[in-house]
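One structure is given below, encoded as structure tokens.
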Amino acid sequence: MKKDLTKLLDLNKEDINNILNAGDQMKYNQRHGIIHDYLRGKTLAMIFEKNSTRTRVSFEAGMYQLGGHALFLSGKESQIGRGEPVEDTARVLARYCDGIMIRTFAQSEVELLARHTSIPVINGLTDFAHPCQVLADLMTIRERMTRLEGLKLCYIGDGNNMANSLIVGGLKCAMNVAVACPEGYDPAPEVLEFAKTATGAGFILSRDPREAARDADVVITDVWASMGMEEEVQKRRIAFEGYQVNDELMKLAKNGAMVQHCLPAHRGEEITAEVFEAHADEIFEEAENRLHAQKAVMYLLMGDK
Ligand code: CP
Ligand code: NVA
């Protein structure tokens, strides 16, 4: 595996499998009270330039469970908010800490940070990608459906960070990926480029949610307006009309199809309250698996081998 986890495009199938297997083991250890303090004495710096509940709590609790420590750095309150260059922050944090988790806007900032520091950098969400979330999604799907290969993953909604990471993660795991987005809200060009080259898996990008959902094993959606797009909420409500995961759409999916949502969810927009509650077990398991999957990532990147 590379030094950092900045995007799933950098991982191969074996890397993803190693993370998912280690995630399963972390979950087993946690459930059975088995001590797994593989990161004793180590510190993770967590930089947040956007809001978070799950990412912050799961990384912080995860570090504690691994015997280490996590510290929260608010983008605004640290010197980052006053314009200290990323390259300098990168070199300073490497003198105190053993890893950095960052949630920010531009993917280029995460890549810059990773290039200028000797310690692992983990992407906790950018406008482009949400790799830790998708690792947790893949872990949850595999756990519940016993495999990933050959399953149909359907994503309905905005071609955002979640769509980008689901396409890459799903295809790398030999899933068939079907995405329905309104025109003008497609996934990133480099992700669509990657999708063209993916072998052993199928990909379609459609304007029709029904086509994407037909015979799906798992249906996934996300908010219509991501963090940083608050001014577009009204415009997006109009653009995304019809791109809702509801009972009618779920009828097209396979019997027993799963639903995943990274959360927070907007009931009545991208998903109805009925579908959300009918699949709440799967959705909150997905949230829980953030903890286990990220502990696996931290162990693999920051542990002594
Ligand atoms: N899914 C997710 O990343 O949640 P938070 O924004 O609460 O971290
Ligand atoms: N696409 C959403 C995901 C939130 C976890 C956002 O970026 O706000």
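For this structure, a couple of remarks:
- Rounded if a/c under 1.5, otherwise prolate or oblate - region 188-305, Cα gyration tensor axes: rounded
- Rounded if a/c under 1.5, otherwise prolate or oblate - region 37-81, Cα gyration tensor axes: oblate
- Reciprocal mean inverse distance between Cα atoms of region 89-201 - Kirkwood radius, Å: 15.3
- When both region 255-305 and region 118-176 are represented by their alpha-carbon centers, they are found 11 Å apart.
- Given 7/42; 27/254; 2/172; 7/50, the pairs whose alpha carbons are separated by over 26 Å: 27/254
- Sorted largest first, the principal axis extents computed over the alpha-carbon atoms of the chain equal 53, 44, 36 Å.
- Spatial separation of Cα centroids for region 208-225 and region 33-59, in angstrom: 31
- Pairwise inverse Cα distances across region 141-210, averaged and inverted, put the Kirkwood hydrodynamic radius at 12.0 Å.
- Within the chain, the whole DSSP H helices whose Cα atoms reach 24 Å or more along their own axis and whose mean Kyte-Doolittle score is at least -1.0 are 280-302.
- Sorting the segments 284-292, 232-240, 97-105 by their mean number of nearby beta carbons within 10 angstrom, highest to lowest, gives 97-105, 284-292, 232-240.
- Value of Rg to Rh for region 1-118 (Rh from inverse mean 1/r over Cα pairs, i.e. Kirkwood): 0.98
- Segments 187-195, 152-160, 200-208 sorted - mean Cβ within 10 Å per residue, highest first: 152-160, 187-195, 200-208
- Partners for residue 235 among aspartates and glutamates (Cα-Cα distance below 19 Å; same-chain residues under 8 apart left out): 127, 158, 183, 186, 222, 269, 270
- For the chain, a simple Cβ point-charge model (Lys and Arg +1, Asp and Glu -1, everything else neutral) yields a dipole of about 820 debye relative to the Cα centre.
- Annotation: peptides 57-64, 266-273, 214-221, 124-131, ranked by per-residue average of other Cβ atoms within 10 Å with the highest first, follow the order 124-131, 214-221, 57-64, 266-273.
- Other-chain or far-sequence residues with amide H under 5 Å of residue 258's (modelled H): 218, 219
- Reachable lysines from residue 251, criterion Cα separation under 24 angstrom, eight or more residues apart if same chain: 152
A short reminder: the numbers here are calculations on the coordinates, not readings from a lab. These numbers come from a predicted model, not from an experiment. Here the Cβ is made from the backbone with ideal geometry for all residues, glycine too, and neighbour counts use every protein chain on show.
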